[in-house]
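K.L.:
Please see the structure below; I have some questions.
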Amino acid sequence: MSIQLWTKHYRRVIGAALLIGGAVLSCAVTVAYAQTETQAQAQAQARPDVWVDELILDVVKKPYRLSEAMIVLQEDNRFYVPLLEMSDLLDFAVESEQARGYASGWAVSEDNSFSIDVPRGEAIIRGQVRALSPEDVMTADEYDAAAHDIFISTSLAAEIWPVTFNVDFSSLRLEIESEVPLPFEARKEREQKRAAAEARRRIQPTRNPDLPLIANPYRMFSLPAVDLETQYSWDQSRGSISGQHSVTGVMDLLGFSTNFAANTSYIDKKFERPENIRVTGNRKAFGEDDIILGFKEMQVGDTRLAPRTLVGNSISGRGAIFSTREIERQQDFDQITVEGQAQPGWETELYRNNELLDFGEVDSLGEYRFENVQLMVGNNTIRVVLYGPQGQVEERSENYLISGGMVRPGEFGYEIGGVDAGQDFFPVDPDPHSGPDGIASSAYGAYGVGTGLTVF
């Protein structure tokens, strides 16, 4: 009897234990499943699956075809374009630390500036700071192609640049539209004008009304206006960085309007001495005044003796020129030489009034020069337009009024000058030059005998 009672008792205990164990195990499984599902949902919210399509599109800005194959990324209804490659196509200025996800630059005008900092999650557009959303930038974590450029959404691109983008799937094209002329369009228009420059007809000049003269005397010293340009490049094979620096400027110094230019290089982790330093001082008298002894213009420093017809070529060097006539306006009667200083590599165009006469490029010394520029009877507005690589535009102009007589009856003008040929005002290059050397001098005079007759 006792054995049966104990058997029943153990059965009850074991059954209860099994029921309790099953309940606990069921709860544990339920909790574990709930935790796993919650973690998966949290991970999905923190990093959702990104389905990206890689499109290879033509890039078109009517009527120009800019690229035959550009990678454009698509996620849902959003499109992402490579910032650096697109900047290069459109001639927009950009500097980047692509590996860090940072880029800055400007488009059309330096006032239209921007910077994008992906790690910090912010963009600065025309001085205004705004946060970057996950939809603004495609990162390398989301797609491998983004490791080779900074892919930004077309909506963000439209904020930093004056352009809009539209994808035409039927023709596999990325179409660009803009309400303002883009730098690459201005460059192509210049190329078309230059191709037709020789065939353009002369435009009849118009006389501008006389304007009052506002005195602006020369000073002993003024703060310089300086234009500095720096360019660096990385040589992957050598593992070295090299650079070029150039500076041009103008200032008042010792009673002269002084232009200066210099350039230097950075090679093998050190700065090279300047290849050349050019300094030229000019002083002009205005109206009926003169500087001294009847001279209307003086030029000292790095200067050039003007060529004379049937005599010889121009000779440059350090020296001085004194003239009773303005130096830039007296060569060969109705011909002048237009020259100046600017950033090396900039494009130049020469206009007389609105007619394109010639074009070229600023040389490595930072100088441009147009010889034998023909003047017409009447008013001549001579303009030099300078174009930088990212759409920069600078314009310089002078007016030349050519009357019927070369020199008025009874008027006598002369010019004297001398240079140490081939020598710089500030010599920095010890290597001998290949041109003529020694002291060169020049004297020139003209007298107006009568109307239409001038003796030189």
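The values are calculated or read from the model by the stated rules, or taken from the named source; none is laboratory data. Because the structure is predicted, anything quoted here is derived from the model rather than measured. As a convention, Cβ positions derive from the backbone with ideal geometry for all residues, glycine included, and neighbour counts pool all protein chains shown.
K.L.:
Yes or no: Ile176 in a strand (DSSP E or B), buried (at least 18 other Cβ atoms within 10 Å of the Cβ), outside the structural domain of Trp234 (by TED's automatic domain parsing) and modelled with pLDDT of 90 or more?
P.N.:
So Ile176 fits the description; yes.
K.L.:
Still on this model: Being modelled with pLDDT of 85 or more and either touching a helix residue (DSSP H, G or I) at 6+ places or on another chain (Cβ under 7 Å) or among the charged types (D, E, K, R) (or both) is true for just one of Arg369, Arg325, Arg408. Which residue is that?
P.N.:
Arg369
K.L.:
May I pose another question? Using the structure shown, decide if Glu97 is at pLDDT 90 or above and either surrounded by 15 or more Cβ atoms within 10 Å (Cβ to Cβ) or over 19 Å from Phe184 (Cβ atoms) (or both).
P.N.:
Values: at pLDDT 90 or above: no; either surrounded by 15 or more Cβ atoms within 10 Å (Cβ to Cβ) or over 19 Å from Phe184 (Cβ atoms) (or both): yes.
Spelling it out, it is not the case that Glu97 is at pLDDT 90 or above and either surrounded by 15 or more Cβ atoms within 10 Å (Cβ to Cβ) or over 19 Å from Phe184 (Cβ atoms) (or both).
K.L.:
Mind checking whether some residue in region 428-439 is at pLDDT 75 or above, under 23 Å from Lys284 (Cα atoms) and not polar (S, T, N, Q)?
P.N.:
Looking through region 428-439, none of the residues is at pLDDT 75 or above, under 23 Å from Lys284 (Cα atoms) and not polar (S, T, N, Q).
K.L.:
Let me ask something additional. Output the residue which, of all residues in region 332-380 that are on the phi > 0 side of the Ramachandran plot and not in a strand (DSSP E or B), is surrounded by the most Cβ atoms within 10 Å (Cβ to Cβ).
P.N.:
The extreme case among them is Gly366.
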